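What follows is a short report on a single structure.
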Amino acid sequence: MRFLDKHVSRDKRLLSLERELNRLYQAQTHAPIIPLERPYQRGWMKTYVLDARVSQRPDAMLFRTILTQVNRNVYSRERSFLNRNGDEIRLSPRIIPTAEWLKLAWPASHQRFFGYGCWRLDDQPWTPIKWRRYITGFRLIHMWCLREDIQPHLITHQRVELPKVRSRIAEIETYLSATAGRCRLDWLHGRSRWWRRYSFTAHELRSEASIEEQLHQHTPD
């Protein structure tokens, strides 16, 4: 019975630490943003702009309206826009979901540039094809009105540093890592952990196996 009380107490502590960790991450994420005295460049950003010829057309406003809805940007550390595996970081227009499209209520003059279908999102070429998401909606199929534009990605603002918060996060994360706490929390929440077995350290796997074996041996039927 003492053994079970010990593990119940440990589980309560893990859950308490998890709640604290979530609060700390929230505090860090929502820390105030302040402008930098000296902005600096970090990588490159690629986005769409209207082709120069389109900008001079009488109906240029039509294309500007379309651009505001489909424009996206992609980031790269190198101007070549190749990732570490040598694959191209591609830019593609945003697909407008059906519900959002209906709210736009565009006239035929706008709609004629789009095609309707179920489209596979290929923004992440490193993701296996069978795991890529699909979206039903409207996709820009006439691309002649747009061109890609590459600009330096400038860091102009940063979040206020919270040293005490970062220190406490590191302390909790270190404890969870050393005690296989994440594994136990996943078990307590009923989450599948099959994918984590490919990233565990040998120490974490041994700790988890030992804990589960003890629970099976000492938990009554």
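Does Arg38 satisfy the criteria of being at pLDDT below 95 and either in contact with a Lys or Arg (Cβ under 9 Å, 6 or more places away or on another chain) or part of a loop (DSSP other than H, G, I, E, B) (or both)?
no
Determine the pairs where a residue that is without any contact (Cβ under 8 Å) to a residue 60 or more places away in the chain, located within region 159-186, has a partner that is outside any helix (DSSP H, G or I) and of a type outside the set (Phe, Trp, Tyr) with Cβ atoms under 6 Å apart, the partner being 6 or more residues away or on another chain.
Asp186/Arg193
Suppose we filter region 87-104 for residues that are open to solvent by 40 Å² or more (accessible area, probe 1.4 Å) and free of Cβ contacts under 8 Å to residues at least 40 places away in the same chain; how many remain?
Total meeting the criteria: 9.
For region 40-69, what are the residues that are among the aromatic types (Phe, Trp, Tyr) and out of contact with any Asp or Glu (no Cβ under 9 Å at 6 or more places or on another chain)?
Tyr40, the sole residue that qualifies.
Looking at Trp101, Trp126, Trp119, which one is under 22 Å from Glu148 (Cβ atoms) and either assigned to a loop (DSSP other than H, G, I, E, B) or modelled with pLDDT of 95 or more (or both)?
Matching residue, one of Trp101, Trp126, Trp119: Trp126.
Tally time: how many residues in region 54-86 are without any contact (Cβ under 8 Å) to a residue 40 or more places away in the chain, surrounded by 11 or more Cβ atoms within 10 Å (Cβ to Cβ) and either in a helix (DSSP H, G or I) or outside the structural domain of Leu154 (by the TED database) (or both)?
Matching residues across region 54-86 total 4.
Can you pull out the residues in region 9-53 that are within 25 Å of Thr179 (Cα to Cα) and open to solvent by 100 Å² or more (accessible area, probe 1.4 Å)?
Result: Lys12, Arg13, Arg19, Arg23, Gln26.
The values are calculated or read from the model by the stated rules, or taken from the named source; none is laboratory data. Note that the coordinates shown come from a computational prediction; the quantities given were computed from them, not determined experimentally. Here Cβ is always computed from backbone atoms with ideal geometry, including for glycine, and neighbour counts include all displayed protein chains. Surface areas here come from the heavy atoms of the whole protein model, side chains and all, with no ligands, DNA or RNA. Shrake-Rupley method; radii C 1.70, N 1.55, O 1.52, S 1.80 Å.
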